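The values are calculated or read from the model by the stated rules, or taken from the named source; none is laboratory data. Computed from a prediction, not measured in an experiment: that's the story for all the values here. Neighbour counts run over all protein chains shown; Cβ positions are idealised from the backbone, glycine included.
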Amino acid sequence: MGVELLNNEVAMADIDDPCFSDSETAAYVIEALEGVSKVPSVIAPADRDQYDNLLCILDPTKEMHFQDEALLVVALRTLTQAVHKIDPVFHGELLNNIFDMSVWKYGPDTVSTLLELIACLASVADKFLDTCLHMLVNNFEPHRRLKSSNHQRSLARKEEVHSQLHTVMHYISELVPLAPMKLKYIIDLKMPKCTDSKEVIIVFVDCMLGLENDEIGEFLGGALLAKVVDLLTDLDVNISWEDILQEDTNKGIFDMELEDVEENADGLIGRKSVEEYGVLNGNAFADKLDGLMVAVCKHLTIWASNGRLEAVFANLKEAFRRSVLNAYKSKFAQFVMFYACSLDPETCGQEFAFMLRDIFLSRTETPISRMSAVGYLASYLSRAKFISTSLAVDILESLMDWCFEYCQCHNDPEKIINPKANRIFYAGWQAVMYTLCFHMRSIVDDPQLKSKLLGMPLQPILHHALSPLKVCLPSIVHEFLRQAKAANLCKKSVSLFSESLLESDFSKAFGGVERLDMFFPFDPYLLKESDSFIRPNFKFWSSVKTTYSNCNSEDEEDYEDLDVPDFAEIGCFSENHKIETDSDEDDDDDNDNDNDLELSMNKMSITPKHYFNPHLMGKQQFPARMPARIRPSVSPP
Amino acid sequence: MEGLTVADANLTVYVHPSNANKVKDALLRQLSSLLFKYDENFDGVILAYEIKFESKDAKILPGLHPLFGVKLKANLLLFQPKVNELLEGKVVKLGKECIHVIILGFSSATIMSEDIREEFKFRIKHGVEVFASSAHKRHVIKTGSFIRFLVKSLDVDILHVNGSLIPSNTGCIHWLSRYGTEDISETDRSCRSLKRPKPIEEQDSQAMVDLSLNSNHHHKSHKRTVTNGMKS
């Protein structure tokens, strides 16, 4: 002790409190501890006063001035040396004060001294470990405890405080190797719920995920990540689908995409994404989910740069399988997987696709899981820019082989179409068609892949008694047949219109009440802040080359026009014209900030009027004119 | 080290029907969930196991959850520290008041200054904190050394041991193995009758620990198995 104090005295000579010198304070503290280490009835009043003074120095609620903090530091250091004199019973009040302290309140030196004390207390494992870990987890985020005026200041120090917390937890787990087991339990208790405020959730999860970088994360396996994915799913299911889409099932899947191409100042075609007309703006859960997605994606990026992504990905897959896969029509949480795959397409991207395929092909999984998995698979293969066409073809091959085998086994000529009994088959086939809609052009352009595709049992399945074309969603069937015809895949002509007339009571039956026939998990992402992570790797329908657009010019930018609806028929378009004059000045800045998503009214085909929010009109971008190039329609009349 | 034993056990593990196509995985998972936790049945901590199936048949439990019980023979490596036994561990932190030790990489132990014999004095040699013996110049305990100590008390919850360096056959293992038996002047003669603890490989399996379930234990492991089985 003498050696340490000598150093302290030298360092703090300038800022001695006029009342106490360093060594005096230390002696004072020890005396105070010893003075009350007896049965309360025999404590001398002077000792009690001394102890009370000590409690005052270590008061967590006190506003700390510079000298108070200096005194606090000395007191904490002395306590660190004298940890073994601290008794849980006699010094209960002192311990309460210490454990109530918030590290967000003090300067960095005080914080490191405080954390040193906590580490020493924790190493006396049988007495204080639990409470120390509780205290540390309580300090993951400041908001629950500090007044709001301090929040901004606290957040600025977030990185620093978190890294100090991680260091001290690492140190504790070196001294007490089984401490992480307790830590896991405590984090479980303190984990914020989806109803907590956004700041609390984000800062806490940020700190939690920071632990993954450490050995503690390895020790705990995927537990922390699984909890975060659970929280994401919780937030996700609290956003209702009514906020996003109307229930009209007649709209084609391929019309529903809300993306627009605009010319910016340079005359280059820029791409902007569309927020769903501000509907999600007021939704608190969407906001929280957005912030949380940003935090998780940031950590994923860090792990990818550390080389830890593969290890983390295995845990992420498991968490996805347990929480997200079977969550009812999860909207955005699954994009965590999308982003993780985009960081390492060769390994993780493939692994994810194979996992989904294996779930579909497995006989022991439940039908819902299998249908959900194949829906995810189709959507993933179609929307991920980083998935190679050859991988898509390989997987399509396995799916089609399975469908073909299924058809062989169900060759009853008298069969009435029973969508519910064969729902897995219809789900699988719909997935095949959906994927082919996105990839057909690229497959057909590559001779090797084209021959592979032609070798697949497309015809037998299409013409089988199970009539997948009658049961699957009409818009997909329509688009698929259109492309297949243009690519000359089908030898026998299949009548287009008789299929589209059957509004799928059938497809509703196969999709069930959950409408899994209409579930395309990786449909365009609608959360504003985290969109920047997803966008670069996301394939919009309008950028997909289709087989029937061959007959027009080679200019690839033309294809968007095929998705342009007939404006005249849409009643809401007149409203656009009224307000467009306000927004011309916003026109040219879209490429400056990728995050600056502007609302566009161009693809108004499906949004009903009541979603218009008058407050947002002024900021929105309206087309000043009809689309630049209009192509004659190539679909049959 | 005295706390390690190898025991044979007859176990019955109840498996949930959902795992019927991968019974071995379910069993291994069940047994793995017991690792590194103090278990009252075994009165110790399981560190490792090796299993052998006794028969291909399993009896199905009647009742709400038709679990089926698979009988196994298991070879278990148990860590059973008892008070007044000698344990060995690595020093990870050394302070004037206390020495922190880790046993077998997972159990923590502390030795307070009052439990360190007079012979050892706290010094700082070449900037490194050590406990140096005043009687034997080479007997030094510092961070990273392996020491042998006596168990004073035990907290099974967190597997924390309070140790003592009072007996003269405790201290730095390296020094004890070289000089411990030759040291006549200081050693208490009665302690020389204490044999040096056998190296780990020589530990023979002590009493066969038969854990075929009797009715008392039945519900406990049934419950445990149910919970884990349902989870898996």
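Search the range B:89-143 for residues being at the interface with another protein chain (Cβ under 9 Å from one of its Cβ atoms) and of a type in the set (Ser, Thr, Tyr), and hand back the single one that is farthest from B:Glu2 (Cα to Cα). Here the answer is B:Ser113.
Return yes when A:Glu554 is modelled with pLDDT under 85 and closer than 25 Å to A:Leu489 by Cβ and no when it is not. So A:Glu554 fits the description; yes. Remark: B:Leu64 falls outside the filter, which requires a residue to be more than 12 Å from chain A (Cβ to nearest Cβ), touching a strand residue (DSSP E or B) at 6+ places or on another chain (Cβ under 6 Å) and either in contact (Cβ under 8 Å) with a residue 40 or more places away in the chain or not in a strand (DSSP E or B) (or both). Can you find a residue in the range B:146-153 that is within 11 Å of chain A (Cβ to nearest Cβ) and out of contact with any Ser or Thr (no Cβ under 9 Å at 6 or more places or on another chain)? Looking through the range B:146-153, at least one residue is within 11 Å of chain A (Cβ to nearest Cβ) and out of contact with any Ser or Thr (no Cβ under 9 Å at 6 or more places or on another chain). Inside the range A:71-95, residues that are in a helix (DSSP H, G or I), away from chain B (no Cβ under 14 Å) and under 16 Å from A:Asn53 (Cβ atoms) make up a count of 7.
Whether any residue in the range A:128-137 is modelled with pLDDT of 90 or more, within 19 Å of B:His100 (Cα to Cα), assigned to a helix (DSSP H, G or I) and among the β-branched types (Val, Ile, Thr) is what I want to check. The answer is no; no qualifying residue exists. Residue count for the range B:39-61 satisfying the condition of being part of a loop (DSSP other than H, G, I, E, B) and more than 23 Å from B:Arg148 (Cβ to Cβ): 4.
Of the numbered criteria (1) more than 26 Å from A:Pro192 (Cα to Cα); (2) modelled with pLDDT under 85; (3) assigned to a helix (DSSP H, G or I), the one A:Met64 fails is (3). Inside the range B:71-87, can you point out the residues that are assigned to a strand (DSSP E or B) and crowded, with 21+ Cβ neighbours inside 10 Å? Answer for the range B:71-87, where residues must be assigned to a strand (DSSP E or B) and crowded, with 21+ Cβ neighbours inside 10 Å: B:Leu76, B:Leu78, B:Phe79, B:Leu87. Just one residue in the set B:Ser145, B:Ser164, B:Ser185 is of a type in the set (S, T, N, Q) and modelled with pLDDT under 90; that residue is B:Ser185.
Yes/no matrix, rows are residues, columns are (1) within 14 Å of chain B (Cβ to nearest Cβ); (2) under 29 Å from A:Asp109 (Cβ atoms); (3) among the charged types (D, E, K, R); (4) outside any helix (DSSP H, G or I):
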residue	(1), (2), (3), (4)
A:Glu159	no, yes, yes, no
A:Ser163	no, yes, no, no
A:Tyr171	yes, yes, no, no
A:Pro180	yes, yes, no, no
A:Lys184	yes, no, yes, no
A:Ile187	no, yes, no, no
A:Val205	no, yes, no, no
A:Gly210	no, yes, no, no
